[in-house]
Amino acid sequence: MVKKRVLTAALIVAGMASVAQAQILTNLLANGGFEDDGGTPGALGVTIPSGWGISGSGTGWVAHDTGYFVDAIAVKLWTSDSSIYQDVAVAEGLTYQADAQAIDQLNDPLVNRDVLIKVEWFDSGMGSLGVDEVGRVIGGTDASGAWKNLTAQLVSPAGAETARIIYQLVDTGADPRGAAYADEFSFGRVGSGKVGLRLFSIRNE
């Protein structure tokens, strides 16, 4: 599948350092594995995992479904009009790494629908600076019922003060269907300093 990238900016890169082998210094996300609430399953619109927010319909499930969690709990979605997110403070021009694990349901596989993990950047007034894609579970392409690690290293754009980590499903064709789970989210700095400034974001759609 070809990802469509809409270039809305240029990069100014100065003194870039290699971060290929770097580890996240500190996970900035609260409750990245969804266990902080005692591991109690329930409807997503009612049982909101601590530290996270819900956007859209709120349709989903805080789930303890055998084979579909890493430790005890994951978040299950089955519609593209619902997502969960968490905001963290960032600084411009630093390299951050986002990670998550996701899987579609073996007996309800994704068809014309993907899992999408992404990061949206905001300035001090919560004006959007753009979106970077972390990764996808691609319905009909990736192995169904198998966990996939989604990860990306991203440079925060100029003016960035907040990063929003988002988990959602996106419909990619006619008659989209299927359910998926995501778990073990992390987001944090890697490297030792600024690696460059993006005047604007490169947006993935």
| note | If we keep only residues of segment 94-127 that are in contact with a strand residue (DSSP E or B) (Cβ under 6 Å, 6 or more places away or on another chain) and of a type in the set (Ser, Thr, Tyr), then the residue nearest to residue 175 (Cα to Cα) is 96
| What number of residues within segment 59-72 satisfy the criterion of being buried (at least 18 other Cβ atoms within 10 Å of the Cβ) and either free of Cβ contacts under 8 Å to residues at least 24 places away in the same chain or part of a loop (DSSP other than H, G, I, E, B) (or both)? | 4
| Residue list for segment 76-90, filter: in a loop (DSSP other than H, G, I, E, B) and farther than 12 Å from residue 180 by Cβ | 81, 90
| said: Considering only segment 40-58, I want to know if a residue exists there that is free of Cβ contacts under 8 Å to residues at least 24 places away in the same chain, outside any loop (DSSP other than H, G, I, E, B) and farther than 21 Å from residue 109 by Cα. | reply: yes
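Condition check ((1) farther than 29 Å from residue 174 by Cα; (2) small (Gly, Ala, Ser); (3) at pLDDT 95 or above) across all residues:
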| site | (1), (2), (3) |
| --- | --- |
| 2 | no, no, no |
| 5 | no, no, no |
| 11 | yes, no, no |
| 27 | yes, no, yes |
| 44 | no, no, no |
| 68 | no, no, yes |
| query | Out of the residues in segment 134-163 that are within 11 Å of the chain's Cα centre (by Cα) and surrounded by 19 or more Cβ atoms within 10 Å (Cβ to Cβ), which is nearest to residue 49 (Cα to Cα)? | reply | 163
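The values are calculated or read from the model by the stated rules, or taken from the named source; none is laboratory data. Predicted model only: the values in this text are computed from it and were never measured. Don't worry about glycine lacking a Cβ; one is built from the backbone with ideal geometry, like all the others, and counts go over all protein chains shown.
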